Amino acid sequence: MKLQKQKKNLKRKLVVENLKKLKMQNSKYISIGKILNFHGVQGEAKVGYSKNQADFLRTLSHVYIYFENEYKKVKVKSIKFNNKFAILKFEGINSINDILVYKNCLLYVPQEEFEEALDEGEYLIDDLVGLEVYSNDKKVGVVVGVSNNGANDLLSVRGLSKKISLIPFVDELVPEVDLDNKKVYINEIQGLIE
């Protein structure tokens, strides 16, 4: 009986260790899309992606497919765009059966690679969430999320009253983001944040 207990504890320890490794791995990569299905018979992938990332996708020479708890590096042979998705061809994947294995898998790039491609004034959502929001040197809330209404990105700000307000992420309303000090400054319009 004592031996079984040790085995269970060892299994638990291994599961915890594996979860820690997975969490560490996830912090090094940024998801850029998802393999939705195959396209054609040559093993091309139909990929869903954020529409504002098309230029970045065009620059990729390789991506990582997250499959069976591992990041598998694959070379991008070609990429083209449809109205609603991208079509990627990967080296070594040459049939429908080859690509179907990866259906619904997420595509990633290393975080540093993604950050290098950001233009001035562009930020990762994870960098913005948790920032304290200030107006006229007074704390008015915390960024709890980012969304998009089709025209602009929106900061979801939980005000001091605990209500959520949506702030358009435009220069006129959000003139400064200070990642080093974990603050974002807004030009508050009366009633914008409660």
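Remarks
- Selection within the range 33-62 - part of a strand (DSSP E or B) and farther than 15 Å from Lys103 by Cα: His62
- Checking each residue in the range 70-94 for being farther than 25 Å from Leu154 by Cα and open to solvent by less than 40 Å² (accessible area, probe 1.4 Å) picks out Tyr71, Val74, Val76, Ala86, Ile87, Leu88, Lys89, Phe90, Ile93.
- Exactly one residue out of Ser31, Ser50 is out of contact with any Leu (no Cβ under 6 Å at 6 or more places or on another chain) and either open to solvent by 90 Å² or more (accessible area, probe 1.4 Å) or not aromatic (Phe, Trp, Tyr) (or both), and it is Ser50.
- Filtering the range 101-115 to residues that are in a helix (DSSP H, G or I) and modelled with pLDDT of 95 or more leaves nothing.
- Subset of the range 163-183 [over 16 Å from Leu124 (Cα atoms) and hydrophobic (A, V, I, L, M, F, W, C)]: Ile164, Leu166, Ile167, Leu173
- Enumeration of residues in the range 116-169 that are among the polar types (S, T, N, Q), over 27 Å from Gln53 (Cα atoms) and either assigned to a loop (DSSP other than H, G, I, E, B) or open to solvent by 50 Å² or more (accessible area, probe 1.4 Å) (or both): Asn136, Ser161
- Residue pairs whose Cβ atoms lie under 8 Å apart, sitting 6 or more positions apart in sequence or on different chains, and linking a residue in the range 89-107 that is touching a residue at least 24 places away in the same chain (Cβ under 8 Å) to a partner that is of a type in the set (Asp, Glu) and open to solvent by less than 50 Å² (accessible area, probe 1.4 Å), are Lys89/Glu44; Ile99/Glu44.
- Of the residues making up the range 179-194, those that are open to solvent by less than 50 Å² (accessible area, probe 1.4 Å) and free of Cβ contacts under 8 Å to residues at least 40 places away in the same chain number 1.
The values are calculated or read from the model by the stated rules, or taken from the named source; none is laboratory data. Keep in mind the model is a prediction, meaning the values are calculated, not measured. Counting neighbours? That spans all protein chains shown, and the Cβs are built from the backbone with ideal geometry, glycine included. Protein only, heavy atoms only, side chains kept; ligands, DNA and RNA dropped before computing areas. Shrake-Rupley method; radii C 1.70, N 1.55, O 1.52, S 1.80 Å.
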